[in-house]
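Student: Below you'll find the structure I mean.
No value in this document is a laboratory result; all are computed from the given coordinates. Fair warning: this is a prediction, and the values are worked out from it, not measured in the lab. Heads up, the Cβs are rebuilt from the backbone with ideal geometry, glycines too, and the neighbour counts pull from every protein chain shown.
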């Protein structure tokens, strides 16, 4: 089982590395540098304004610590087929899971050190913690994490996330209690509390796992959700094949869908509109970018900069919507329906025109109203219309030809 | 002659899976396409529905190839895949609407027959469900409903009996019979030989990408006098013999 874990871990590591390469591309690294630099500068300026402890500094520290101790979860690297193939070795899975637990612990340890390093100056300035007190507080962190990971492992055997209450008390309630004790009374309270809690959780798990069989379904469900969160993040930067947006009913879009159905009998409009309305894949991106663009246009008063941003955002939105055209290529029926390819493209254009126009109008309104300038609104609208026309008539046709050939 | 396959050579890559396939499906006929895993059943079907391009030979439906008029060609086909394929963002009701739009059916008449089909397959109260909420069997029934909604001339049904409950299987066979009598042709691939023997008018036995033998029960028995009486006995005998040849 140890070799299985090693193999899985290696594969997982390589996969993450593959995606990280996409995330950490040159542009993003530069942006990240600026972001970190800016935030660091802001933080140091903020620290300079603090002179000594005040009533809110301890609660803020406690809140930060409580959030920090939650970071990182049990990564089992289970796969859907595991209950079928590994069922006969179920007893040995505990060894596998302990390996998984240890590595999850190491990972969250690194995250916690980073978080603690950021918090350290605030602790010494705003709470007047001495270095030895910070170290004692810091030591309690990996101990608390170890305990909470054993609790998570125990839940896999109990096959229930049933007692949400239990989890809430053990993962949030008790740590907060130890932190309150540590910050208001004596820092040793945190460490001693953490050690006791951790020991109890480890000993409890050691007794419990032999009484129950492993809850495969729950374990896989939890692991799937964990991986989905990671893939979602990567999906912001690159195409992750394992991710397909989830489908939601979203009744509030029915009006728009009905309006589209009345206006055209193109079957692809019917399909694309529903994909847009109900799948998180496209609509989320469209709304996020449109909203972000509007916010930026409201706050940026420089006409040229705001026009540049508007052009950029319209381009980004249209570029991200392009894959919608081939969203259904792998569905046999897309090829089977007696419909000409040109109708598919026409349907796509129908949808794109309306989406881009909606964005352009919203951008124009945002720019015009926020700066109380009819001129800025009109200029923004004009530029938006021209850009949309150029995209739809000049840029898309060549891209579409490439995508569908 | 609804479907005619002549000297078909083809497959997914340059190396052909199908080597000179010839058979036909006539109006009012249910033809069983039978063969081991990998014999070329699905490849044949993919050629008929136009997902694959023949390297040699041709496939015609009512005398037309897909290259002459792809819209008219496709309009004559209704296909029920082995694994149900649905649009995740569309409800059952919307799948039916989409089918109506894609085949340009008369909405009112199509919905009348859809409602009848939905009732038969006990889906009438699930019109607003998404595919994610359906079991495998239910998804298959959705495929059946959408396929039989069209007035296709040729029905292509890929292994329909696995996953359907007995009641639905019986209803499907009745539907096939109804369409046969209305003059449609049906090509059905299956491993369930007892059912195939009972309902199919003729059989095409594929082996290693070739037609091993074809004909109705009587002619299969005549061609292979020593193998037995039932389709399953004849087929097993032929399959074993084919294995030895390879």
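Student: Report, as a whole number in µm² per second, the diffusion coefficient that Stokes-Einstein gives for region A:206-312 at 4 °C and 1.567 mPa s using the Kirkwood radius over alpha carbon pairs. Intermediate values should be presented prior to the final figure.
Tutor: Working: Rh = 18.0 Å.
So the translational diffusion coefficient is about 72 µm²/s.
Student: Right, here's the next one. Relative to the longest principal Cα axis of chain B, at what angle does helix B:231-245 sit, 0 to 90 degrees, rounded to 10?
Tutor: Helix B:231-245 sits at roughly 60 degrees to that axis.
Student: For an R0 of 35 angstrom, estimate the FRET efficiency from the Cβ-Cβ distance between residue A:404 and residue B:115 and round to the nearest 0.05.
Tutor: Values: r = 36 Å, r/R0 = 1.04.
For residue A:404 and residue B:115, the calculated efficiency is 0.45.
Student: At what distance in angstrom do the alpha carbon centres of region A:67-104 and region A:176-226 lie from each other?
Tutor: So the two Cα centres are separated by 16 Å.
Student: If each residue of separation counts as 0.36 nm, what is the full-extension length gain between residue A:232 and residue A:200 once their alpha-carbon separation is subtracted? Before the final figure, lay out each step's value.
Tutor: Details: separation 32, 0.36 × 32 = 11.52 nm, distance 3.56 nm.
Gain in length upon complete extension: 8.0 nm.
Student: Turning to a different aspect of this structure: For the peptides A:203-214, B:82-93, what is the packing order when you average, over each peptide's residues, the other Cβ atoms within 10 Å and list the highest mean first?
Tutor: Working: A:203-214: 14.2, B:82-93: 18.8.
Top of the packing list down: B:82-93, A:203-214.
Student: Take peptides A:394-405, A:95-106 and line them up by average Cβ neighbours within 10 Å, highest first, as a rough protection proxy.
Tutor: On the way: A:394-405: 12.2, A:95-106: 17.8.
Most protected by this proxy first, the peptides run A:95-106, A:394-405.
Student: Using Cβ counts within 10 Å as a stand-in for footprinting exposure, how do B:188, A:390 rank, fewest first? Please report the intermediate quantities before stating the final value.
Tutor: On the way: B:188 25, A:390 12.
With the fewest neighbours first, B:188, A:390 line up as A:390, B:188.
Student: A follow-up question, please. Counting just the Cα atoms, what span does region B:1-153 cover along each of its three principal axes? Round to the nearest Å and put the largest first.
Tutor: Sorted largest first, the three principal extents are 47, 31, 27 Å.
Student: What does the structure give for B:63-72 when I average, per residue, the other chain Cβ atoms found within 10 Å of the residue Cβ? List each step's numbers first, then the result.
Tutor: Details: counts 0, 0, 0, 0, 0, 0, 1, 5, 5, 1.
Partner-chain Cβ atoms within 10 Å, mean over residues of B:63-72: 1.
Student: Moving to a separate point now. What spacing in nm lies between the two simple spin-label points modelled at residue B:201 and residue A:41, each 7 Å away from Cα in the Cβ direction?
Tutor: A separation of 8.3 nm, rounded to one decimal place.
Student: Something else now. From the gyration tensor of the Cα coordinates in the protein assembly as shown, what semi-axes in whole Å does the equivalent ellipsoid have, largest first, with each one equal to sqrt(5λ)? Mind showing how you got there, number by number?
Tutor: Numbers: eigenvalues 667, 276, 90 Å².
They are 58, 37, 21 Å, listed from largest to smallest.
Student: Let me ask something else. Using only Cα atoms, locate the centre of region A:326-350 and the centre of region B:137-207, then give the distance between them in Å, rounded to an integer.
Tutor: Centre-to-centre distance over Cα atoms comes out at 27 Å.
Student: Show log10 I(q)/I(0) for region A:2-235 at q = 0.08, 0.11, 0.17 Å⁻¹, two decimals, from a solvent-free Debye sum over equal Cα scatterers.
Tutor: -0.37, -0.69, -1.27
Student: Full-extension gain between residue A:192 and residue A:50, please, as 0.36 nm times their residue separation minus the C-alpha to C-alpha distance.
Tutor: Fully extending the segment from residue A:192 to residue A:50 adds 48.1 nm.
Student: Right, something else. Where does each of A:336-344, A:361-369 land if you order them by average Cβ count within 10 Å, highest first?
Tutor: Working: A:336-344: 16.7, A:361-369: 20.1.
Ranking the peptides A:336-344, A:361-369 by packing returns A:361-369, A:336-344.
Student: Which FRET efficiency value, to the nearest 0.05, is calculated for residue A:81 and residue A:375 with the Förster distance at 51 angstrom and r the Cβ-Cβ distance? Show your work: numbers first, answer last.
Tutor: On the way: r = 63 Å, r/R0 = 1.23.
For residue A:81 and residue A:375, the calculated efficiency is 0.20.
Student: For B:189, A:318, A:44, which order do you get if you count the other beta carbons within 10 Å of each Cβ and list the fewest first? Walk me through the numbers before you get to the answer.
Tutor: On the way: B:189 23, A:318 20, A:44 10.
By the 10 Å Cβ count, ascending: A:44, A:318, B:189.
Student: For region A:251-404, state what percent of all Cα-Cα pairs lands in each successive 5 Å bin, counting from 0 Å until the bin that includes the largest distance.
Tutor: Each 5 Å bin holds this share of Cα pairs: 2, 9, 18, 19, 18, 15, 10, 6, 2, 1, 0.
Student: Can you give the average number of partner chain beta-carbon atoms within 10 Å of each beta-carbon in peptide A:266-275, as a whole number? Present the calculation step by step, with values, prior to reporting the outcome.
Tutor: Details: counts 1, 8, 3, 1, 7, 7, 1, 1, 7, 4.
Going residue by residue through A:266-275 and averaging, the value is 4.
Student: From other protein chains only, count the Cβ atoms within 10 Å of every residue's Cβ in A:337-345, then give the mean. Show your work: numbers first, answer last.
Tutor: Values: counts 9, 13, 8, 2, 1, 0, 2, 0, 0.
Mean inter-chain Cβ contacts per residue within 10 Å come to 4.
Student: Spin-label point model (7 Å from Cα, Cβ direction): what's the residue A:33 to residue A:322 distance in nm?
Tutor: 2.9
Student: Report the label-to-label distance for residue A:10 and residue B:178 in nanometres (one decimal), using points 7 Å from each Cα along the Cα→Cβ vector.
Tutor: Once both label points are built, they end up 5.9 nm from each other.
Student: Over 16 Å apart: what share of the alpha carbon pairs of region A:330-375 falls there, rounded to a whole percent?
Tutor: Working: 615 of 1035 pairs.
Cα-Cα pairs in region A:330-375 separated by more than 16 Å: 59 percent.
Student: Ranking B:157, A:196 by Cβ neighbours within 10 Å, fewest first, what do you get? Write out the running numbers ahead of the final one.
Tutor: Details: B:157 24, A:196 14.
The most exposed by this proxy come first: A:196, B:157.
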